[in-house]
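Step one of this worksheet: look at the structure below.
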Amino acid sequence: MAGPGAMSVSISLGAGSLHPWATLGNVAALAVLTILNYLCLLLGEPIVKKMGRNGMDAFNKVLGFLVLAIGLSLIVSGVQELIKAGVW
């Protein structure tokens, strides 16, 4: 839950939030995600049983797509910064 991906997204969002309201929004989003994470851990086993094998396969594909989108966003942001800095 607090692996390299989560840390890089947190750092990226923190670096991009120069306005106090943006920082407050990031902290609020973190709080909501923490509560959702707790609920998922608490209710995980009953949900998996109800979803079944096909439901879990579909869910894993959706999550994989979201991780891909986050990674692509980080790459695009990095390339944009390199172009702004005149490095590339």
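The values are calculated or read from the model by the stated rules, or taken from the named source; none is laboratory data. Treat the numbers as computed from the prediction; the structure is a model and nothing was measured. Quick reminder, even Gly has a Cβ in these numbers, built from the backbone with ideal geometry, and neighbours come from all protein chains shown. Please note that ligands, DNA and RNA were not included when accessible areas were found on the heavy atoms of the full protein model with its side chains. Shrake-Rupley method; radii C 1.70, N 1.55, O 1.52, S 1.80 Å.
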State all residues of region 27-37 that are open to solvent by 100 Å² or more (accessible area, probe 1.4 Å) and at pLDDT below 95; if no residue qualifies, say none.
-> 30, 33
Here are some residues: 5, 55. Which one is touching a residue at least 60 places away in the same chain (Cβ under 8 Å), out of contact with any Ser or Thr (no Cβ under 8 Å at 6 or more places or on another chain) and either of a type in the set (Gly, Ala, Ser) or assigned to a helix (DSSP H, G or I) (or both)?
-> 5
For region 58-88, which residues satisfy the criterion of being open to solvent by 90 Å² or more (accessible area, probe 1.4 Å) and outside any helix (DSSP H, G or I)?
-> 87, 88
Region 15-26 - residue that is surrounded by 10 or more Cβ atoms within 10 Å (Cβ to Cβ) and in a helix (DSSP H, G or I) and, of those, nearest to the chain's Cα centre (by Cα) | 26
Go through region 38-48 residue by residue and tally those that are open to solvent by less than 80 Å² (accessible area, probe 1.4 Å) and either among the hydroxyl-bearing types (Ser, Thr, Tyr) or under 22 Å from residue 74 (Cβ atoms) (or both).
-> 0
